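The values are calculated or read from the model by the stated rules, or taken from the named source; none is laboratory data. Note that the structure is a prediction, hence the values are computed from the model and not measured. As a convention, Cβ positions derive from the backbone with ideal geometry for all residues, glycine included, and neighbour counts pool all protein chains shown. Heads up: the accessible areas ignore ligands, DNA and RNA and are worked out on the full protein's heavy atoms, side chains in. Shrake-Rupley method; radii C 1.70, N 1.55, O 1.52, S 1.80 Å.
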Amino acid sequence: MVQELLTALAITGTAGLLYVAAAARVVRQYERGVVLRFGRLRGQVRGPGFTMILPGVDRMHKVNMQIVTMPVPAQDGITHDNVTVRVDAVIYFKVVDPVDAIIRVEDYRFAVSQMAQTSLRSILGKSDLDELLSNREKLNQGLELMMDSPAVEWGVTIDRVEIKDVSLPETMKRSMARQAEADRERRARIINADAELQASKKLAEAAAVMSDQPAALQLRLLQTVVAVAAERNSTLVLPFPVELLRFLERAAPPQSSAHKSSPAAALPKPSSTGGSQSESPETKGINPTLPDGIPESAPSWRAA
């Protein structure tokens, strides 16, 4: 009798242990448990810790409440100004209502991923290339608002969306490089022209001062000579005032018409036969009755 009682107690204890093992569930701190009994929502959401369910009747789904980081695959799209780009992004979201995340959508992770891809392609078609490259913060906010509206119904909230990289075609990269180079060259020319304008104003002021004080010009000339002499070269600088050259030019006597005539006419020309005979006076075009060097065209020496 005692042996049968002990056997029954052992069987009951074993069954109880098996029941507890099958019914016991542990929910972590960052998880919540949603229990469905015969496919119907049962009670409230189970919090973290130890909990029990009916084996074979209840089924508990654990939902992670942490922020999930999900990369969005690179999407090919055309911007508003007809430029083909390839953009990838990353999305941060978390579940705020585990019941809606289980009941309203089949797989909330896959749903958020597909919604992120479609929203990214949509935002690409509404943006220009310059805005996509320089104003990403505005695009991130617009993408977050676009994704947050349908995600709220699934018990999911979008924490942040970031555009990671924008890939451009090689031809577009070369065009942008040429544009940037041309812009830098334009700025360099403007700066150079501004410097020339300021230098010309200073030179004009210096010329005005030197015109009032001639000694300043001489001092500047001596400074230039000293600067040239400091170099290790064989250059010799001899400054001459322009007034001195003009004085010498005015002081030079005017040359007579006799000296201005070409001396090549008085030289004997070789004969056509190759001999050494000189030409006749008629051939040279000089009247023998006239003095040497006086042309026949002179009226005061013409023979009667």
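Among the residues of the range 97-120, count how many are touching a helix residue (DSSP H, G or I) at 6+ places or on another chain (Cβ under 9 Å), over 21 Å from R40 (Cα atoms) and among the hydrophobic types (A, V, I, L, M, F, W, C).
Of the residues in that region, 5 qualify.
Among the residues of the range 20-50, write down those that are small (G, A, S) and loosely packed, with under 14 Cβ neighbours inside 10 Å.
Across the range 20-50, the qualifying residues are A21, A22, A24, G39, G43, G47, G49.
Does I102 count as buried (at least 17 other Cβ atoms within 10 Å of the Cβ) and either of a type in the set (F, W, Y) or farther than 25 Å from M176 by Cβ (or both)?
Values: buried (at least 17 other Cβ atoms within 10 Å of the Cβ): yes; either of a type in the set (F, W, Y) or farther than 25 Å from M176 by Cβ (or both): yes.
Judged against the criteria, I102 is a match.
Which residue pairs have Cβ atoms closer than 8 Å, lie 6 or more positions apart in sequence or on different chains, and pair a first residue in the range 204-231 that is among the β-branched types (V, I, T) with a second residue that is not in a helix (DSSP H, G or I)?
Cβ pairs passing all conditions: T224/V237; V225/V237; V225/P239; V228/T235; V228/V237.
So the check is Cβ under 6 Å with 6+ separation or different chains; which pairs have a first residue in the range 10-31 that's touching a residue at least 12 places away in the same chain (Cβ under 8 Å) and a second one that's charged (D, E, K, R) and open to solvent by 70 Å² or more (accessible area, probe 1.4 Å)?
From the range 10-31, the pairs are E31/K62.
Based on what the data block shows, is T84 out of contact with any Ser or Thr (no Cβ under 8 Å at 6 or more places or on another chain), of a type in the set (S, T, Y) and closer than 28 Å to M115 by Cβ? Walk me through it before giving the result.
Details: out of contact with any Ser or Thr (no Cβ under 8 Å at 6 or more places or on another chain): yes; of a type in the set (S, T, Y): yes; closer than 28 Å to M115 by Cβ: yes.
Considered against the rule, which asks whether it is out of contact with any Ser or Thr (no Cβ under 8 Å at 6 or more places or on another chain), of a type in the set (S, T, Y) and closer than 28 Å to M115 by Cβ, T84 comes out as yes.
Restricting attention to the range 3-19, which residues are open to solvent by less than 60 Å² (accessible area, probe 1.4 Å) and under 18 Å from M52 (Cβ atoms)? Step through it out loud before you land on a result.
Step one: filter the range 3-19 for residues open to solvent by less than 60 Å² (accessible area, probe 1.4 Å), giving 8, 10, 13, 15-16.
Result: G13, A15, G16.
Could you count how many residues in the range 133-150 are of a type outside the set (A, V, I, L, M) and surrounded by 13 or more Cβ atoms within 10 Å (Cβ to Cβ)?
Looking only at the range 133-150, we keep the residues that are of a type outside the set (A, V, I, L, M), and these are 134-138, 140-142, 144, 148-150.
Okay, now just the ones that are also surrounded by 13 or more Cβ atoms within 10 Å (Cβ to Cβ), so 136, 140, 142, 144, 148, 150.
Count: 6.
Considering each of R46, R59, R136, R37 in turn, give the residue that is free of Cβ contacts under 8 Å to residues at least 40 places away in the same chain and in contact with a Leu (Cβ under 6 Å, 6 or more places away or on another chain).
On the way: R46 fails: in contact with a Leu (Cβ under 6 Å, 6 or more places away or on another chain); R136 fails: in contact with a Leu (Cβ under 6 Å, 6 or more places away or on another chain); R37 fails: in contact with a Leu (Cβ under 6 Å, 6 or more places away or on another chain).
Sole residue among the options that is free of Cβ contacts under 8 Å to residues at least 40 places away in the same chain and in contact with a Leu (Cβ under 6 Å, 6 or more places away or on another chain): R59.
If I go through the range 52-71 residue by residue, how many of them are at pLDDT below 90 and open to solvent by less than 20 Å² (accessible area, probe 1.4 Å)?
2
Mind counting the residues in the range 231-249 that are at pLDDT below 70, open to solvent by 100 Å² or more (accessible area, probe 1.4 Å) and closer than 16 Å to P214 by Cβ?
1
Yes/no matrix, rows are residues, columns are (1) open to solvent by less than 70 Å² (accessible area, probe 1.4 Å); (2) within 13 Å of A116 (Cα to Cα); (3) free of Cβ contacts under 8 Å to residues at least 12 places away in the same chain:
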position: V152; (1), (2), (3): no, no, yes
position: V161; (1), (2), (3): yes, yes, no
position: M172; (1), (2), (3): yes, no, no
position: R178; (1), (2), (3): no, no, yes
position: D183; (1), (2), (3): yes, no, yes
position: R186; (1), (2), (3): no, no, yes
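What helices (runs of 4 or more DSSP H) lie completely within the range 85-171 and have 1 or more residues being in contact with a strand residue (DSSP E or B) (Cβ under 9 Å, 6 or more places away or on another chain) and within 30 Å of K62 (Cα to Cα)?
Numbers: elements: 98-103, 108-125, 129-134, 136-152.
The qualifying helices (runs of 4 or more DSSP H) are 98-103, 108-125, 136-152.
Taking V228 as the residue in question, decide whether it is β-branched (V, I, T), under 21 Å from R86 (Cβ atoms) and either open to solvent by less than 70 Å² (accessible area, probe 1.4 Å) or in contact with a Pro (Cβ under 8 Å, 6 or more places away or on another chain) (or both). Full working, then the answer.
Values: β-branched (V, I, T): yes; under 21 Å from R86 (Cβ atoms): no; either open to solvent by less than 70 Å² (accessible area, probe 1.4 Å) or in contact with a Pro (Cβ under 8 Å, 6 or more places away or on another chain) (or both): yes.
It is false that V228 is β-branched (V, I, T), under 21 Å from R86 (Cβ atoms) and either open to solvent by less than 70 Å² (accessible area, probe 1.4 Å) or in contact with a Pro (Cβ under 8 Å, 6 or more places away or on another chain) (or both).
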